[in-house]
Structure formats: structure tokens, C-alpha cells
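The values are calculated or read from the model by the stated rules, or taken from the named source; none is laboratory data. This is a predicted model, so every value here is computed, not measured. Cβ coordinates were reconstructed from backbone atoms using ideal geometry, including for glycine residues, and neighbour counts include every protein chain displayed. Keep in mind that these areas ignore ligands, DNA and RNA; they rest on the heavy atoms of the full protein, side chains included. Shrake-Rupley method; radii C 1.70, N 1.55, O 1.52, S 1.80 Å.
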Amino acid sequence: KIRQGKKHRDVERKTAKPPSIGLDFFSRLFRGTISRAIFQSRKDAHMYRFGPMIKELKFYQYPINYRLMKMNWNKIFDEPIEGEKFLFYALNVQPEHSVDVEAPYFMDTLHVLTCIARSLPIGVVLYVKEHPNALGVRSPKELYAIKRIPGVKLIDPFVNSHDLIRKALITVSLT
């Protein structure tokens with residue numbers, strides 16, 4: 001319930017739908033990139049060029065990455081093993097203030113995870129968990145690269161983080 005003045009009103013929770021590839025996706029892609037490149041490039045040639053919007057921004061890739069991940073879910077993500085000694089590391093979404101401003105030397109996630117995994121004692125594993133709302137931001141190729149680091153397990157994003165934090169030997173965070 002939310003309080004507005006002296007009255008309380010119920011607010012429905014909206015569940016987030018996964019991004020989908022369909023007519024709406026292609027119309028948003030056209031409106032977001034192609035229309036800017038065609039119509040607004042005359043006004044601001046640097047900001048709205050078609051090439052950088054497609055090659056660098058890659059916001060259109062999120063639904064595609066999400067679908068590719070769903071197809072290979074069991075190959076990419078693991079379930080935590082009961083009784084296993086582990087360190088817990090939750091992935092950050094980038095760009096983000098907590099990474100780019102507060103921890104600028106640790107912006108390369110793959111390098112950070114490699115350094116942490118190399119410094120672990122024998123018998124301890126690094127559990128890395130993607131945030132459920134960030135699914136699709138990293139491509140399956142990036143997630144496979146994280147999974148290939150020796151001593152690292154990529155945990156299912158829908159596993160309860162609070163349980164992992166309680167069971168972990170140490171929780172590692174950039175901030």
C-alpha cells in the first residue's frame with residue numbers, strides 16, 4: 001500500500017516481461033536508430049550517425065542476447081552445490097556509477113574475475129551471479145568467457161542472492 005495524504009491505495013506490482021523479438025521490436029529499432037540516422041543526422045551529424053548507433057550502442061542486441069541465453073540456459077548457468085566452499089561475486093551492470101566512477105581500475109569484468117579466481121585457496125570456488133534484470137546486457141559469448149575461467153562457476157540468475165551471501169565465505173563487491 002502507498003500512502004497519499006491521508007488515504008492508502010493499493011498498487012499492483014508489474015512483473016517485468018522478458019524482451020521479445022517481434023513486430024514491436026523491429027518498429028522500436030526503426031524508430032530508435034534508422035529514423036534518427038535518416039532524419040536527424042542533418043542537424044547533428046556526430047551524434048546520430050547510423051554506423052555508431054548500430055555498431056557501438058547495441059541496445060537492439062538485448063532481446064537477441066536474452067533469447068540466445070534462454071536456448072543455452074543449462075550450458076551457461078550452474079546451480080550452487082550444497083556444502084561447497086565459495087566466494088560470492090555479483091556482476092554489475094555497466095556503464096554504472098559504482099563501477100566507472102568509484103572503481104575505475106576494475107572496469108574489465110573478465111580481468112577482475114580472473115584475478116579473484118587466481119588468488120583463491122585450493123578447494124574454494126568463485127560463484128559469479130548475473131543480476132536477473134540485466135539478462136541480455138552481456139552476450140552469451142561474454143558469459144561463456146566468464147565460465148571458462150578456472151575456479152569460476154556462473155550461477156543461475158534466479159537463485160536467491162541472500163542465501164548465497166549467507167553461505168559464502170566472503171562476498172566480493174567492487175564498492
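Quick notes on this one:
- Residue check, I149 part of a loop (DSSP other than H, G, I, E, B) and exposed (fewer than 13 other Cβ atoms within 10 Å of the Cβ): no
- Residue check, P132 under 24 Å from P63 (Cα atoms), open to solvent by less than 30 Å² (accessible area, probe 1.4 Å) and of a type outside the set (D, E, K, R): no
- Among the residues making up region 92-114, those that are assigned to a helix (DSSP H, G or I), surrounded by 11 or more Cβ atoms within 10 Å (Cβ to Cβ) and without any contact (Cβ under 8 Å) to a residue 60 or more places away in the chain are D100, T109, L110, H111, L113, T114.
- Single residue of F50, F59 found to be open to solvent by 100 Å² or more (accessible area, probe 1.4 Å), at pLDDT below 80 and among the aromatic types (F, W, Y): F59
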